[in-house]
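A quick write-up on the structure given underneath.
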Amino acid sequence: MTNVVNKIVFKRAINFFIFAVTITIIAAMVTYIINPDLKETVRGLENSISDQVRESIGLNKVWLYIVNNGFQAPLQMFILALIPIQFLYVTNVILTVSLPGILFGIGLQADLNKGLGIIISSVPHYIFEIFAFCLFAAILFELNKAIRIKIKSIFKKEKEGISLNKKFLETIKIYVVLTLPLMIVAAFLETYIADIILDLFQY
């Protein structure tokens, strides 16, 4: 991995991942403590998932996850990174990690054993999916920084020697070599492995 991503970007990805896990834990704790209306909250979570994903199974479900998490979400993050505002692209990550936190809180509140089952069954695909987002966010940090420096240099006599083309190529490389493959693995884990683990807690 270090051949593809430098140590600074990898370390930043780890920091983003720790931040993401913290958000999930906070969302779970808040949901558990405030004791929301379970039916209304679950209905709201279901509405956030498209009918197509909810009703799909097998490889079709894997493909829909890949389209959403592997293509659409990274594209949204990339577009936000082009706006010269720092960390705007992390909004997507925050929203993504908040939803499982709410689900974990609801699960623990409804049934402790079942709640633990939901959490444990979610861990494999959560790690792959969220770390993929965090790696992408880490390289988008570099791209966004370069854009902001370029804009600032317009108003300076001395121009900054930063190559935007190089940052774009680095972003594409991270996406193709790491982010997308990790998302594909996460899609298979979420579709097949999560249910197997969850079934173990039904008895």
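When only alpha carbons of region 111-203 are considered, Rg and Dmax amount to 20.3, 71 Å. In this calculation the C-beta distance from residue 10 to residue 152 is compared with R0 = 22 Å, giving a FRET efficiency of 0.25.
For region 59-112 and region 132-203, compute the distance between their C-alpha centroids and round to whole Å. Region 59-112 and region 132-203 have Cα centres spaced 13 Å from each other. Stokes-Einstein, applied to the Kirkwood radius of region 7-199 over Cα pairs at a viscosity of 1.002 mPa s and 20 °C, places its translational diffusion at 119 µm² s⁻¹.
Any read-out appearing in this document is the output of simple, stated calculations on the displayed coordinates, not a laboratory observation. Quick caveat, the model's predicted, so the values are computed rather than measured. Cβ: placed from backbone, ideal geometry, glycine included. Neighbour counts: every protein chain shown.
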